[in-house]
Amino acid sequence: MSRVRSSLASFAPLNHLPDPARARQAARAAWHDAGLILINPEWLPGWADRKQAEILAEKCHGKRKVTK
């Protein structure tokens, strides 16, 4: 049986599901190495903390455009 070749075959390893643990590690490294703040609101334990992060994000970047 012969395999079908595709010009996209080299991109196949890039197609993977996101890893929440690696995202958090990358955010931690960005903070320690460069002083960048990257926070997924889901990482915050309470509603008040999540809302505060959202307010700060809107203050810096404007309202988020949510598409559904």
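The values are calculated or read from the model by the stated rules, or taken from the named source; none is laboratory data. Since we're looking at a predicted model, the values are computed, not measured. Counting neighbours? That spans all protein chains shown, and the Cβs are built from the backbone with ideal geometry, glycine included. With ligands, DNA and RNA removed, areas are computed over all heavy atoms of the protein, side chains included. Shrake-Rupley method; radii C 1.70, N 1.55, O 1.52, S 1.80 Å.
Across the stretch 1-34, what is the number of residues that are surrounded by 10 or more Cβ atoms within 10 Å (Cβ to Cβ), under 24 Å from the mean Cα position of the chain (by Cα) and in a helix (DSSP H, G or I)?
The total comes to 10.
Would you check which residues across the stretch 44-68 are open to solvent by less than 70 Å² (accessible area, probe 1.4 Å) and either hydrophobic (A, V, I, L, M, F, W, C) or at pLDDT below 90 (or both) and list them?
The answer is L44, A48, A53, A57.
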